[in-house]
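The numbers here are math on the coordinates, done by the rules we state, and not lab data. Keep in mind it's a predicted model, so treat the numbers as computed, not measured. Because the Cβ atoms are built from the backbone with ideal geometry, glycine has one as well, and the counts that use them run over all protein chains shown.
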Amino acid sequence: MTRPRIDLHSDTATRPTAAMRQAIADADVGDEQLGEDPTTRALEERVADLVGKQAALFLPSGSMANKVAVGAHTQPGDVIICDNRAHVFRWESGGPTIISGVSFEALATEHGRYSAEELETAYVAGTKYQPRTRLAWIEQTHNAGGGTVWSLADYEAVTGAAASLGLAVHVDGARLPNAVVATEVPFHRWAATVDSVWFDFSKGLGAPMGAVLAGTADFIAEANRFKYVVGGSLRQSGMMAAGCLHALDHHVDRLADDHANAARLAEGLADLGFAITAPVGTNMVYFDPEPAGISREALVDALGRTGIRLTVNPRGGIRAVTHLDVSTADIEDALLETKGAVGP
Ligand SMILES: *Cc1c(COP(=O)(O)O)cnc(C)c1O
């Protein structure tokens, strides 16, 4: 496949910049599995400090961060309350169920956010007959919901209700940096009322791989055991951690550019008569071109021929994602090509 000229399929399309590659090449390294990789440890300390938790753990992927967090929080038979489009529930191949023997109480929501009342209604204390609810799960920003940001008020209503029920709270913060930039609410505030939180470096932050999970020292020790269980313990991971440290220094504030580009894209698509199917709060635009008289498949094919990559969402609509490798000029270009595809 030739590389797309403009890749709006996902923010995972980002490639390391020259400066990031240099930081990777220069990294000081050791054996991570033995706790001896200095750059990985520096990244873990940096993230623990950023989010205000005792400890943090470097992982090769976000999916693994979710898996080891479930492993550390639950016992087989436990129930996790999430929304029914949560990445962990829909997209991780049933991993937590396979590895940890948990099940999900998946709530129907509009854009991935549920309320304190919905959490309270779904909660089950656990009896001889009924499985126990163990964990409340929040995705911030919410991917399938639309790159949706939970407001601090809604978020803290849920974390407060969870605390009253004695539930632990885990945050799938794959794109938490986008929420931080969109709301100007710092990382540590989002982390303050939850037990565990992670974010991804391989999405908008532009690193080739890596996610860091944070929590109490005891929780992270247990997560580290699970990391080994699932084959995630590494050796000279400092090379990848160096890319993540570089991203923290250089690629967080610029997420605002991605958000502005997404807003511009949504505006231009709406002008063409497309339906924008979720509010645009961060770097994602969910839309449907059919009201403008072109099918989703026809549009994706036509744009593909011009070197613009998008994919049809299996559950309806199209998702476009802006990121480090998509410029404002690219957005104007994509809108022009889209206009051409729709025709006069
Ligand atoms: C991408 C994503 C993940 C998984 O992260 P990977 O690093 O791709 O494994 C988990 N949760 C959400 C919300 C995501 O968008």
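Structure above, values below:
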item	result
All-pairs Cα distance distribution in the stretch 21-62, expressed in whole percent, bin size 10 Å	27, 52, 21, 0
The chain: most fluctuating residue of 143, 283, 313 per GNM, C-alpha cutoff 10 Å	313
Cα-based Rg and Dmax for the stretch 105-210, where Dmax is the largest Cα-Cα distance (Å)	14.4, 48
Contour excess over end-to-end distance, with Cα ends at residue 298 and residue 132 and 0.36 nm allotted per residue	55.0 nm
Residue-averaged 222 nm ellipticity for the chain, from DSSP H runs of 4+ at -39500 (n - 2.57), nearest 500	-13000 deg cm²/dmol
Label point distance in nm, residue 12-residue 117, each placed 7 Å from Cα along Cα→Cβ	3.7 nm
Exposed-loop-free span, longest in the chain, where GluC sites (Glu not before Pro) count as exposed if DSSP calls them loop and at most 13 other C-beta atoms lie within 10 Å	185-344
FRET efficiency, 1/(1 + (r/R0)^6) with R0 35 Å, evaluated for residue 98 and residue 277 via beta carbons	0.65
Equivalent ellipsoid semi-axes, the stretch 157-249, via Cα gyration tensor eigenvalues times 5, rooted, Å	24, 20, 9
Dipole magnitude of the chain, debye to nearest 20 (Cβ charges: Lys/Arg +1, Asp/Glu -1, about Cα centre)	680 debye
FRET efficiency for residue 270 and residue 3, using Cβ-Cβ distance with R0 set to 35 Å, rounded to 0.05	0.75
In sequence order, calculated HN-Hα J values of the stretch 172-186 (Karplus, 6.51, -1.76, 1.60; Hz; x Gly/Pro)	7, x, 2, 10, 4, x, 5, 5, 4, 5, 5, 9, 6, 8, x
Given 10 as the ceiling on other Cβ atoms within 10 Å, longest exposed-site-free region of the chain for trypsin sites (Lys or Arg not before Pro) in DSSP loops	129-314
Cα→Cβ-extended label distance, 7 Å offset, between residue 192 and residue 253, nm	2.4 nm
Karplus 3J(HN,Hα) series, Hz, for the stretch 26-35 with 6.51 cos²θ - 1.76 cosθ + 1.60 (x for Gly, Pro)	8, 5, 7, 10, x, 8, 4, 4, 8, x
Pairwise centroid distance, computed over Cα atoms, of the stretch 68-109 with the stretch 146-174, Å	16 Å
Gyration tensor over alpha-carbon atoms, the stretch 210-277, equivalent ellipsoid semi-axes in Å	38, 17, 12
Lys, Arg +1 and Asp, Glu -1 on Cβ, resulting dipole of the stretch 193-275 about Cα centre, debye, nearest 20	400 debye
For the chain: relative contact order, % (alpha-carbon pairs under 8 angstrom, 6 or more apart)	25 percent
Stokes-Einstein diffusion coefficient of the stretch 1-105, Kirkwood radius over Cα pairs, 25 °C, 0.890 mPa s, in µm²/s	145 µm²/s
Entries in 53/128; 53/203; 67/128 that, when Cα-Cα distance is taken, lie over 31 Å	53/128
Evaluated over the chain, the Cα radius of gyration and Dmax, each in Å	20.4, 66
